[in-house]
Amino acid sequence: MTDDCLLAQNDGWLATPIDGDLIMMNSQSEVYLNLSGTGSRIWEMLKKPMHLGDLCLALSREFQIEPEEARRQVTAFVEQLVERKALHVIPSAGA
């Protein structure tokens, strides 16, 4: 996954905060996810499509961590959400 990947939430997910976590359910597939801390923040930030590089940079600044570490952790987490069909990568116009 590259920095210019445009990420967006998939439709069909319901989310509600409970005790500091974000409990999510896909109404079509009945898959449940529990996001906490940074995971909840990533979901919130991706309410509007965002490039992976911009997401990593914003989180690096917000949580005061090295950009390389932020990119490694955020990319791994985002890939899991894509695998679980919570997020998708929007194809670029040139693709």
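For the range 72-78, what does the Karplus curve 6.51 cos²θ - 1.76 cosθ + 1.60, with θ = phi - 60°, yield as ³J(HN,Hα) per residue in whole Hz, taken in order and with x for Gly and Pro?
For the range 72-78, the Karplus-derived couplings read 4, 6, 5, 4, 4, 5, 4 Hz, x marking Gly and Pro.
How much mean residue ellipticity at 222 nm does the chain get from its helices, if each DSSP H run of length 4 or more adds -39500 (n - 2.57) and you divide by all residues, to the nearest 500 deg cm²/dmol?
-12000 deg cm²/dmol, from helical runs alone.
Grab the alpha carbons of the range 6-86, take their convex hull, and tell me the volume per residue in Å³.
Per residue, the Cα convex hull of the range 6-86 comes to 81 Å³.
Each reported figure results from applying straightforward, stated rules to the coordinates on display, with no laboratory input. Everything quoted here is computed from the prediction, not taken from an experiment.
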